[in-house]
1. Of all residues in region 157-172, how many are more than 22 Å from Val128 (Cα to Cα) and either part of a helix (DSSP H, G or I) or within 16 Å of the ligand (Cβ to nearest atom) (or both)?
2. Would you check if Leu11 is surrounded by 15 or more Cβ atoms within 10 Å (Cβ to Cβ), out of contact with any Cys (no Cβ under 6 Å at 6 or more places or on another chain) and hydrophobic (A, V, I, L, M, F, W, C)?
3. From the list Gly218, Gly175, which residue is within 8 Å of the ligand (Cβ to nearest atom), surrounded by fewer than 17 Cβ atoms within 10 Å (Cβ to Cβ) and either in contact (Cβ under 8 Å) with a residue 12 or more places away in the chain or at negative phi (or both)?
4. Name the residues in region 179-202 that are within 16 Å of the ligand (Cβ to nearest atom) and hydrophobic (A, V, I, L, M, F, W, C), would you?
5. Residue by residue through region 47-98, note down the ones that are aliphatic (A, V, I, L, M) and farther than 26 Å from His151 by Cα.
6. Tally time: how many residues in region 2-48 are at negative phi and in a loop (DSSP other than H, G, I, E, B)?
7. Under 9 Å between Cβ atoms, which residue pairs at least 6 apart in sequence (or on different chains) link something in region 25-42 that is modelled with pLDDT under 95 with a partner that is surrounded by fewer than 19 Cβ atoms within 10 Å (Cβ to Cβ) and charged (D, E, K, R)?
8. Confirm whether Arg154 is within 24 Å of Pro10 (Cβ to Cβ) and either away from the ligand (no atom under 14 Å from the Cβ) or surrounded by 21 or more Cβ atoms within 10 Å (Cβ to Cβ) (or both).
Amino acid sequence: MPSTPPGESPLALKRRARRMARVLAERYPDADCELDFQDAYQLLVATVLSAQTTDVRVNGVTPLLFARYPDAAALAGADREELESIIKPTGFYRAKTTSLLGLGAALVERFDGQVPRRLPDLVSLPGVGRKTANVVLGNAFGVPGITVDTHVGRLVRRFGWTDEEDPVKVEHAIGALLPRRDWTQMSHVLIFHGRRTCHARRPACGACPVARLCPSYGVGETQPEAAAALVRTAGRG
Ligand code: SF4
């Protein structure tokens, strides 16, 4: 699968990547975080819950969850069974309950109940990996961050931006290609493109705005009408 066009120089790659980024940003002007949240605490909790499920499912449980546990202290003191029953629709609810109880306790004990604004502090919290930390930094605190989820990793390899599989290496590869100020928004744009057009199984190449710039054109459906039928307008998977 490495698909970097043969002989493409680092400078040509950067130019092509930025051109693709511009085209995709125009295609998805409304790209945004699809989790519903009001503050950093809510986004952190919602992002932890979003592992292995869809944002729609998370958004279905968070209104009740945040009404019942409006801050870290309330979460830390939650009754396990009640918490499990609220988050059950998001799957893996026992493990997620353990993470949320630990998260609430750690926020209270080590950060005075507040969500920290530094990556090393965020990743030190139970259930919080680098991806979650970057989502919170970028969307709650305005610190540019690149979120490498399953969509982003797949896309940038198809784009020939990198051959790396490791999410941290992918993050650094994207960071070297795109301006820092664009990192957070481009993460949303890439996730939108992955959810709506460049699907894992049947990418809609024939309806793709970056088809001419993508070395993987043809891995999916190229016939325009059939490809257009594959494009989702509001997939949040
Ligand atoms: S051309 Fe195909 S593989 Fe390339 S980005 Fe578009 S949908 Fe994905």
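The values are calculated or read from the model by the stated rules, or taken from the named source; none is laboratory data. Worth saying up front: this structure is predicted, and the values here are computed from it rather than measured. Cβ coordinates were reconstructed from backbone atoms using ideal geometry, including for glycine residues, and neighbour counts include every protein chain displayed.
1. Narrowing region 157-172 to residues more than 22 Å from Val128 (Cα to Cα): 157-164.
Adding the requirement that they be either part of a helix (DSSP H, G or I) or within 16 Å of the ligand (Cβ to nearest atom) (or both) leaves 157-163.
Qualifying residue count, region 157-172: 7.
2. On the way: surrounded by 15 or more Cβ atoms within 10 Å (Cβ to Cβ): no; out of contact with any Cys (no Cβ under 6 Å at 6 or more places or on another chain): yes; hydrophobic (A, V, I, L, M, F, W, C): yes.
Against the criterion (surrounded by 15 or more Cβ atoms within 10 Å (Cβ to Cβ), out of contact with any Cys (no Cβ under 6 Å at 6 or more places or on another chain) and hydrophobic (A, V, I, L, M, F, W, C)), Leu11 does not qualify.
3. Gly218
4. Passing the criteria: Met186, Val189, Leu190, Ile191, Phe192, Cys198, Ala200.
5. The answer is Leu64, Leu65, Ala67, Ala72, Ala73, Ala74, Leu75, Ala76, Ala78, Leu83, Ile86.
6. Within region 2-48, residues that are at negative phi and in a loop (DSSP other than H, G, I, E, B) number 19.
7. Glu34/Arg236
8. no
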